[in-house]
Amino acid sequence: MLGVVNLDKPVGPTSHDMVALMRRLTGMRRIGHAGTLDPLASGVLPILVGAATRFSRDLAAGDKRYEAVIRLGWRSVTDDAQGPIERGGPLPADERVSEALAAFLGTFEQRPPAFSARKVGGRSAHRLVRRGEPVELEARAVTVHAIDLLRVERDVDRLDLRVDLRCGPGTYVRSIARDLGDRLGSGGYLAELRRTAVGSLLAEDAVTPERLESLAGEGRLETALLAVGDLLPLPRLQLDATETLRFRHGSAVPLHASDGPGRHAVFNDGALLGIGRVEGDLLRPETVIGDEPG
């Protein structure tokens, strides 16, 4: 089996739990995912099956879309509802919220949450923090394409903002919630999160774990698999039979024409061969999956 499952992860399980589910249903060890979702988040989690795991970096590199609830008036150690949570400052006026949200559009430096999977000296930051070790994560450039305020719910001690957010890879919505609260002086954390899109994968098309169980019981699990080649956010390059043989053997392929330099998804007669880099008039293989269909 080779392909990608557009899985609708529920709130509760970890991303690794979903990988374990797919391993059990397929009997395969070569299963992975592209883009971790925290246990308290739901939505699109691409599950990679077989040789598709070799393309995890590219499959996770596309834009993401989220629907989130940011709660103002409180602060969280983890920047989300997992907590512990403590009282923040006074709630802002509605007009200040829209102004503050606009500051998160574009490309800016973002500090990841301390309770995250980011590596520090080869170890996960959240494990170090839980052991009481100091962790200082470096800020990284992220891009937010759009952040639209869908609804505002005000209570005596909290202000909930439901937002629709489109961003580039590596963006932490938890950090946006935290930093928005700091900007407004009220404190803030991420109360709810649903990922509604990863690249071209949409939540409305995703399958639930229960549906995967059902398909496996019917012997039709492969019907949930999507072709890897259709999902790679790269220009496509078609090779003929002779060029395909050279590419599969890891040799540079002379080209008569291409869409320009850089990385390309490489195909022969509709089957994904891998990823190569065009340099001048040569295609140099980077990732090759041999005879396995894509």
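Within region 268-283, restricting attention to residues that are under 18 Å from L231 (Cα atoms) and not in a strand (DSSP E or B), the residue that is farthest from the chain's Cα centre (by Cα) is D269. If you take the residues in region 162-221 that are closer than 19 Å to H33 by Cβ and acidic (D, E), which one is surrounded by the fewest Cβ atoms within 10 Å (Cβ to Cβ)? Checking each candidate, the answer is E210.
In a residue-by-residue description of region 184-203, the property of being free of Cβ contacts under 8 Å to residues at least 60 places away in the same chain and either more than 30 Å from P112 (Cα to Cα) or under 23 Å from the mean Cα position of the chain (by Cα) (or both) applies to no position.
Identify all residues within region 14-47 that are outside any helix (DSSP H, G or I) and touching a residue at least 60 places away in the same chain (Cβ under 8 Å); write none if there are none. Break it down stepwise before answering.
Applying the first criterion (outside any helix (DSSP H, G or I)) to region 14-47 yields 14, 27-47.
Answer for region 14-47, where residues must be outside any helix (DSSP H, G or I) and touching a residue at least 60 places away in the same chain (Cβ under 8 Å): A34, G35, T36, L37, D38, L40, A41, S42, G43, V44, L45, P46.
Inspect all residues belonging to region 77-88 and state whether any of them is modelled with pLDDT under 95, outside any helix (DSSP H, G or I) and touching a Gly at 6+ places or on another chain (Cβ under 9 Å). Yes, region 77-88 has at least one match. Assess whether A93 counts as being touching a Phe, Trp or Tyr at 6+ places or on another chain (Cβ under 8 Å) and assigned by TED's automatic domain parsing to the domain that holds L161. Criteria not met by A93. Residues that are touching a helix residue (DSSP H, G or I) at 6+ places or on another chain (Cβ under 8 Å) and assigned to a helix (DSSP H, G or I): does region 226-242 have at least one? Yes, because at least one residue in region 226-242 is touching a helix residue (DSSP H, G or I) at 6+ places or on another chain (Cβ under 8 Å) and assigned to a helix (DSSP H, G or I). When you look at E222, is it over 30 Å from R284 (Cα atoms) and free of Cβ contacts under 8 Å to residues at least 40 places away in the same chain, yes or no? So E222 does not fit the description; no. Residue-level check: of (1) outside the structural domain of P112 (by TED's automatic domain parsing); (2) touching a residue at least 24 places away in the same chain (Cβ under 8 Å), T242 misses just (2).
Selection of region 44-76 for residues being farther than 22 Å from P10 by Cβ, of a type in the set (A, V, I, L, M) and touching an Asp or Glu at 6+ places or on another chain (Cβ under 8 Å) yields A51, L72.
Is it true that T107 is among the β-branched types (V, I, T) and in a strand (DSSP E or B)? Reasoning before the result, please.
Details: among the β-branched types (V, I, T): yes; in a strand (DSSP E or B): yes.
Yes; evaluated as a whole, the condition is true for this residue.
Count of region 227-269 residues, restricted to those that are of a type in the set (G, A, S), surrounded by 11 or more Cβ atoms within 10 Å (Cβ to Cβ) and within 26 Å of D63 (Cβ to Cβ), is 5.
Close contacts from region 145-156, counting a first residue that is in contact (Cβ under 8 Å) with a residue 60 or more places away in the chain and a second that is surrounded by 11 or more Cβ atoms within 10 Å (Cβ to Cβ) and of a type outside the set (D, E, K, R), with Cβ to Cβ under 9 Å and a gap of 6+ residues or different chains, come to H145/L105; H145/L165; H145/C167; H145/G168; L150/L161; L150/V163; R154/L91.
The values are calculated or read from the model by the stated rules, or taken from the named source; none is laboratory data. A quick note: this is a predicted structure, and the numbers were derived from the prediction, not measured. All Cβ positions, even for glycine, are placed from backbone atoms using ideal geometry, and neighbour counts span all protein chains on display.
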